[in-house]
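Below is one structure, written out as structure tokens; comments come after it.
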Amino acid sequence: SLHACGLSQRQDSPLNCFMYGCNVCLGPGSLGFEPGEGDGSRSSPGRVLSPAPGAEGGDAAERREGNSSFRGGGRAASYPAKHLARSLSLIQERSALLRKWYHLMIENKDDLAKIITAENGKPLKEAQGEILYSASFLEWFAEEARRVYGDIIPPAAKGRRILVLKQPVGVATIITPWNFPSAMITRKVGAALAAGCTVVVKPAEDTPLSALALAELANQAGIPAGVFNVVPCSRQQTPAVGEALCTDPLVAKISFTGSTATGKLLLHYAADTVKRVSMELGGHAPFIVFDSANVDQAVAGALASKYRNSGQTCVCTNRFLVQKGIHDTFVEKFAKAIERELHVGNGFDERTTQGPLINEKAVEKVERHISDAVAQGASIVTGGKRHSLGKNFFEPTLLSNVTTNMLCTREETFGPVAPVIKFDTEAEAVAIANSANVGLAGYFYSQDPGQIWRVAEQLEVGMVGVNEGLLSAVECPFGGVKQSGLGREGSKYGIDEYLEVKYVCFGGL
């Protein structure tokens, strides 16, 4: 059973504990969240609404403002951080706990996927894929925990030996988004726990239930209380909670995934106590199709890159740049693929490939971008309006005759809109792609080896897909350049974000 209370078996629903506020599964004790000093009060319920009309929501615990201050979470987590060397001193212990947590995720993958679809709205098949991806980070970092190597440096002076040690930074604040409510947690927390840190996770206010489910499984895996902490809160309380978790002097590290604007605010919070920071911020990914490209492959890649999670991912293509020689062919085939392969619906419907957008504000932004483009001369090839299923559902949209002056090419849309810009030369395409002040991911399709090398090196992004529309993999470093963030997650580099390098000099030998 996923839940400690056994409610899922009694009522034959894997979501009942999280959907209806079971005190056993949602209470602070079951999550490893330790209340602040002098705090004997219960958490108050916070309602979680599904983005799909008519779908069930759920309840998540919310810390009351003033019931010991939000700093209590940081204080509670700091104790095991300071004494982690005693409680989890052996690397194999950390590795074994992470691996057990991984196996529990796999055992409960169907329940976890249903929770994601219920609170996020994405199609169940995508949610199932996210759970496997999410669990893989725990497996990966269970192995990387055993490879935190130091160094021995030959000394320049006699009678000395020089050592380099790697040690955990301490308490880490983890702030995660709603679009991947499970994977964004494990990608950060897996690395932090492998390094020997403790964490306080503040999940997105739209999707706290996945975080609580992960906390329950962490508890079942035997991860000590206070090592993995979850602090859900309402939208109204988010600024106060975020500030407290990022300014508390006991917190040594901040890891954040979200908008560039919020990331800049958190950097200000971190500055006063000079905290370690890693951030994965906004993107504005270009997708370039050169004349030499295989058009059918490019269309398949475009479909995957643009419309996954209804266009609500940070690495989704936001600007399509297509060379004039194949522009018309590409647009025609892309439109047919959209109409043939994409199906809008409730995430629990088997045929659905496009679920609802997360909320009304997201839909309004999509409408604003389309209206602005059309007003400036763009043409709607397919889609372009809200779907009849409900206010948060939007038709997959393709725009042609798009220019670089339009909002959809200057701002990240975060929705199912594909604007296509026609270009003449390679240099022009690269210049348009690099004109953004962010640089997370970029894609291009070409069969010219020389062009592939040139463009891959010239694109100002942290990740490049060459003849490939999907980039993410646990083994690969995820992150951006410019205002898309700092640091890398996943891969062998991800654990370094949670480690300090200490130089030790032995003299008098």
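Each of the peptides 186-196, 358-368, 319-329, 303-313 was scored by the mean count of other Cβ atoms within 10 Å over its residues; in descending order, highest first, they stand as 186-196, 303-313, 319-329, 358-368.
Please report, in debye to the nearest 20, how large the charge dipole of the range 285-474 is about its Cα centre when each Lys and Arg carries +1 at its beta carbon and each Asp and Glu carries -1 there.
Details: 17 positive and 22 negative charges, 95 e Å.
About 460 debye.
The phi-based Karplus calculation (6.51 cos²θ - 1.76 cosθ + 1.60; θ = phi - 60°) puts the 3J(HN,Hα) values of the range 310-326 at 6, x, 9, 10, 6, 9, 4, 4, 10, 9, 9, 10, 10, 5, 4, x, 10 Hz, whole numbers, x for Gly and Pro. Each residue of the range 453-465 was assigned a 3J(HN,Hα) from its phi angle through the Karplus curve 6.51 cos²θ - 1.76 cosθ + 1.60 (θ = phi - 60°); the sequence is 5, 4, 5, 4, 7, 8, 5, 8, 9, x, 9, 10, x Hz, with glycine and proline shown as x.
Note on the range 291-357: with charges restricted to the Cβ of Lys and Arg (+1) and Asp and Glu (-1), its dipole about the Cα centre is near 180 debye.
The simple spin-label model puts a point 7 Å past each Cα toward its Cβ; for Ser259 and Gln458 those points are separated by 3.3 nm. Surface composition of the range 285-474: carbon plus sulfur atoms contribute 48% of the solvent-accessible area (1.4 Å probe, protein chains only, all chains present). Altogether, the Stokes-Einstein calculation at 25 °C and 0.890 mPa s, with the Kirkwood radius of the range 285-474 over Cα pairs as Rh, returns a diffusion coefficient of 149 µm²/s. Too long at a 26 Å Cα-Cα cut-off: which of Lys264/Lys422; Lys100/Lys306; Lys122/Lys365; Lys158/Lys253? With Cα atoms farther than 26 Å apart: Lys264/Lys422; Lys100/Lys306; Lys158/Lys253.
Could you grab the relative contact order for the range 285-474? Cα pairs under 8 Å, six or more apart, rounded to a whole percent.
Once divided by the residue count of the range 285-474, the mean separation gives 29 percent.
Placing a label point 7 Å from the Cα of Ile162 along the Cα-to-Cβ line, the residues of the range 462-504 whose backbone N sits under 20 Å from it are 500-504. Positive contributions from Lys and Arg (+1) and negative ones from Asp and Glu (-1), summed over other residues with Cβ under 13 Å from the Cβ of Glu500, come out at +3.
The values are calculated or read from the model by the stated rules, or taken from the named source; none is laboratory data. Remember, it's a predicted structure, so these values are computed and weren't measured experimentally. All Cβ positions, even for glycine, are placed from backbone atoms using ideal geometry, and neighbour counts span all protein chains on display. Only protein heavy atoms, including side chains, enter the accessible area calculation; ligands, DNA and RNA are left aside. Shrake-Rupley method; radii C 1.70, N 1.55, O 1.52, S 1.80 Å.
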